[in-house]
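**Q** Handing you this structure, nothing more for now.
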Amino acid sequence: MASIVIAPSILSADFARLGEEVRAIADASANWIHVDVMDGHFVPNLTIGPAVVRALRPHTSLPFDVHLMIAPYDPYLAAFAEAGADLIAIHAEAGPHLHRGLQAIRALGKRAGVVLNPATPASSVQYALDLVDLILVMSVNPGFGGQAFIPSAVEKVAELRAMIGQRPIRLEVDGGINAETAALVAAAGADTLVAGSAVFQGGPNHYAGNIAAIRSAA
Ligand code: DX5
Ligand code: ZN
């Protein structure tokens, strides 16, 4: 299997110092930067828009993994692509035309991801696999950092790993990931791990150790 990618979620960073925080996690061996975009409609919280992605872009050359928790997503795909997203992931539950949304992301020259909420079955992505570069399994209900891991995500990861077969699709898990849960989802077939609170806890002097602990557990 491909080597593990660790994508810290900047939702748990200090928003007053986001540029510095992004540089600090890059220096601490993060592989991607996970950006949680929330609209106060699809999820009950508001966070980051394209202007912040654009402002962060010069701070690192690491890929920006942009997780859109917004509905509708179509009007904003181009703005996030132009702002510097490398991968744009849309929720299967956020619109009636997942296939069209994935085509639109690919047409913008970006990698396309599908996100599945905890109650959404693996089969919801089955007929779109040819348009997908990443599947993101939510192991919490989206909207907030620091929630408890939902164990049924492990079974869903295993099901998706079998469905993916030899396709070049990364399988990511997001929510409640720490060293303990990272081991569970990696054993089930996840190769990409988002972590917010477990990476940022303790402050900048702990980022490298926190990331290393997750990576070695996986
Ligand atoms: C939740 C976000 C996650 C969240 C993860 O809606 O998509 O990326 O920030 O935070 P932790 O790792 O603290 O669960
Ligand atoms: Zn996320």
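Every number in this text was worked out from the coordinates using simple rules, so none of it is lab data. These numbers come from a predicted model, not from an experiment. Glycine also receives a Cβ, built like all others from the backbone with ideal geometry; neighbour counts cover every protein chain displayed.
**Q** Could you tell me which of the residues GLY95, GLY143, GLY101 is among the small types (Gly, Ala, Ser), assigned to a loop (DSSP other than H, G, I, E, B) and away from ligand 2 (no atom under 16 Å from the Cβ)?
**A** GLY95
**Q** Quick test for you: out of LEU77, LEU11, LEU18, pick the one residue that is within 16 Å of ligand 1 (Cβ to nearest atom), in a helix (DSSP H, G or I) and in contact with a Gly (Cβ under 8 Å, 6 or more places away or on another chain).
**A** Matching residue, one of LEU77, LEU11, LEU18: LEU11.
**Q** Kindly check whether there is at least one residue in the stretch 117-126 that is β-branched (Val, Ile, Thr) and in contact with a helix residue (DSSP H, G or I) (Cβ under 7 Å, 6 or more places away or on another chain).
**A** no
**Q** With GLU172, GLU155 as the choices, which residue is more than 16 Å from ligand 2 (Cβ to nearest atom) and among the acidic types (Asp, Glu)?
**A** After applying the criteria, what remains is GLU155.
**Q** Shifting gears a bit: Does the stretch 36-47 contain at least one residue that is in a helix (DSSP H, G or I) and closer than 29 Å to SER216 by Cα?
**A** Checking the stretch 36-47: not a single residue is in a helix (DSSP H, G or I) and closer than 29 Å to SER216 by Cα.
Each row is one residue, and each column tells you yes or no for (1) within 11 Å of ligand 1 (Cβ to nearest atom); (2) surrounded by 16 or more Cβ atoms within 10 Å (Cβ to Cβ).
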position: ASN117; (1), (2): yes, yes
position: ALA128; (1), (2): no, yes
position: GLN147; (1), (2): yes, no
position: PRO168; (1), (2): no, no
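**Q** Just to verify a result, which residue in the stretch 48-61, among those that are outside any helix (DSSP H, G or I) and within 16 Å of ligand 2 (Cβ to nearest atom), is farthest from VAL140 (Cα to Cα)? Show your work before the answer.
**A** Within the stretch 48-61, the subset outside any helix (DSSP H, G or I) is 48-49, 60-61.
With the extra rule that they be within 16 Å of ligand 2 (Cβ to nearest atom), the set shrinks to 48-49.
Values: ILE48: 19, GLY49: 22 Å.
Looking at residues that are outside any helix (DSSP H, G or I) and within 16 Å of ligand 2 (Cβ to nearest atom), I get GLY49.
**Q** Between a residue in the stretch 120-139 that is more than 13 Å from VAL157 (Cβ to Cβ) and of a type in the set (Phe, Trp, Tyr) and any residue that is within 16 Å of ligand 1 (Cβ to nearest atom) and in a helix (DSSP H, G or I), which pairs come within a Cβ distance under 6 Å, given they are 6 or more apart or on different chains?
**A** No pair meets every condition.
**Q** Does the stretch 149-162 hold any residues that are more than 11 Å from ASP174 (Cα to Cα) and either assigned to a loop (DSSP other than H, G, I, E, B) or not acidic (Asp, Glu) (or both), and which are they?
**A** Once the filter is applied, which keeps residues that are more than 11 Å from ASP174 (Cα to Cα) and either assigned to a loop (DSSP other than H, G, I, E, B) or not acidic (Asp, Glu) (or both), the stretch 149-162 yields PRO151, SER152, VAL154, LYS156, VAL157, ALA158, LEU160, ARG161, ALA162.
**Q** Shifting gears a bit: Please enumerate the residues belonging to the stretch 177-218 that are more than 10 Å from ligand 1 (Cβ to nearest atom), part of a loop (DSSP other than H, G, I, E, B) and either of a type in the set (D, E, K, R) or over 19 Å from ALA158 (Cα atoms) (or both).
**A** Across the stretch 177-218, the qualifying residues are ASP191, GLY202, GLY203.
**Q** So, one more: Just need a number here: residues in the stretch 138-186 that are polar (S, T, N, Q) and in contact with an Asp or Glu (Cβ under 8 Å, 6 or more places away or on another chain).
**A** Residues meeting the conditions: 1.
**Q** Which condition from (1) hydrophobic (A, V, I, L, M, F, W, C); (2) closer than 20 Å to ASN210 by Cα; (3) within 11 Å of ligand 2 (Cβ to nearest atom) is the one that TRP32 breaks?
**A** (3)
So that you can scan it fast, the table gives a plain yes or no per residue for (1) of a type outside the set (Ser, Thr, Tyr); (2) surrounded by 22 or more Cβ atoms within 10 Å (Cβ to Cβ); (3) closer than 19 Å to HIS34 by Cα:
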position: MET138; (1), (2), (3): yes, yes, yes
position: ILE150; (1), (2), (3): yes, no, no
position: ASN178; (1), (2), (3): yes, no, yes
position: VAL185; (1), (2), (3): yes, yes, yes
